[in-house]
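A.B. asks: The structure that follows is given in the form of structure tokens.
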Amino acid sequence: MSVLACGLAASAAELLELPTRGGVTQRIFLVSASASPYWVVVLFAGGDGNVSASGSGPTRMQDNFVVRTASYWTDHGDAYAIFDAPSDNAGGMQDVFRLSADASKDVEAAVSELRKRYPGAKVALIGTSRGSITVGNVLKRHPELVDAFVLTSPVTLANRGQAGMSGLSWKGNKARVLVLSNENDRCLVSPAGAAKQVAEENGFAFISVSSSMGGGDRMSNCQGQSPHGFLGIETKVLDSIAGWLNNAP
């Protein structure tokens, strides 16, 4: 494992390159508010997931919901790790890879490293849009891996050769899972009604939020600067996630 360090005003930041599958490395950009955070949240961006992380943070996809709001977690005393595309998919991940055993192994390697660094912390996986596919895949294969799973604006429908989470089911899964959706999400592959159905069918917690309808073309409706990315209600959404995380039954 190699580490590139970067000093921030109130937090310690590192770019980690973790060995995972036979010659493959996985980058995560890790920032912690302290040496003993209560939560470490692993953040999975949407789109192709290629954030091109550097020693000072992601250089791509900075408008993505989980990327642009990552500092929320350190502001509240926790730690966050932004997950990048692995070295064998450096150009970006398609759904077929996000749904694979290899993708799950990469997440497992990251979580293992985070558990070593913060043995007293709880770990949550938080995905948005297509990032939720990776989280859903790990939830299916290894529900015991972390303490909580969060799917925001999940891509529940297949479209144009991309499966999304349309083929996944988690019935009987005992993991702690939250699904969160904007009722005004206009992205064709992540309708709020389908997200609610996923939660109901699998016994997951569900939170619905509402923001401006916005309006744009087919492409912009699936981007971070839209209701799909919780534009304008970021703090409300993050407070809801944090509240759920910290109120375990």
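A.B. asks: Here are some residues: G92, G57, G49, G22. Which one is closer than 26 Å to W244 by Cα and not charged (D, E, K, R)?
C.D. replies: Exactly one residue qualifies, and that residue is G49.
A.B. asks: Condition first: assigned to a loop (DSSP other than H, G, I, E, B), out of contact with any Lys or Arg (no Cβ under 6 Å at 6 or more places or on another chain), among the β-branched types (V, I, T) and at pLDDT 95 or above. Can you find one or more residues in region 218-241 that meet it?
C.D. replies: Scanning region 218-241, I find at least one residue that is assigned to a loop (DSSP other than H, G, I, E, B), out of contact with any Lys or Arg (no Cβ under 6 Å at 6 or more places or on another chain), among the β-branched types (V, I, T) and at pLDDT 95 or above, so the answer is yes.
A.B. asks: Of all residues in region 41-53, how many are more than 12 Å from the chain's Cα centre (by Cα) and in contact (Cβ under 8 Å) with a residue 40 or more places away in the chain?
C.D. replies: Here the count works out to 2.
A.B. asks: Among the residues of region 134-176, which ones are among the aliphatic types (A, V, I, L, M) and in contact with a Gly (Cβ under 8 Å, 6 or more places away or on another chain)?
C.D. replies: V135, V150, L151, V155, L157, A158, M165, L168
A.B. asks: Let me ask another. Out of all the residues in region 152-173, is one or more among the hydrophobic types (A, V, I, L, M, F, W, C), closer than 24 Å to K236 by Cα and crowded, with 18+ Cβ neighbours inside 10 Å?
C.D. replies: Yes: one or more hits.
A.B. asks: Under 9 Å between Cβ atoms, which residue pairs at least 6 apart in sequence (or on different chains) link something in region 160-178 that is over 14 Å from N137 (Cα atoms) with a partner that is among the polar types (S, T, N, Q) and modelled with pLDDT of 95 or more?
C.D. replies: Listed by first residue and then by second, the contacts come to G161/Q94; Q162/Q94; G172/N202; L178/T152; L178/S240.
A.B. asks: Given the conditions (1) charged (D, E, K, R); (2) surrounded by fewer than 17 Cβ atoms within 10 Å (Cβ to Cβ); (3) at pLDDT below 95, and given that R186 satisfies all but one, which numbered condition is not satisfied?
C.D. replies: (2)
A.B. asks: What are the residues in region 122-145 that are in contact with a Lys or Arg (Cβ under 8 Å, 6 or more places away or on another chain) and surrounded by 18 or more Cβ atoms within 10 Å (Cβ to Cβ), if any?
C.D. replies: V123, R130, I133, T134, N137
The values are calculated or read from the model by the stated rules, or taken from the named source; none is laboratory data. Note that the structure is a prediction, hence the values are computed from the model and not measured. Backbone-built Cβ (ideal geometry, glycine too); neighbour counts: all protein chains shown.
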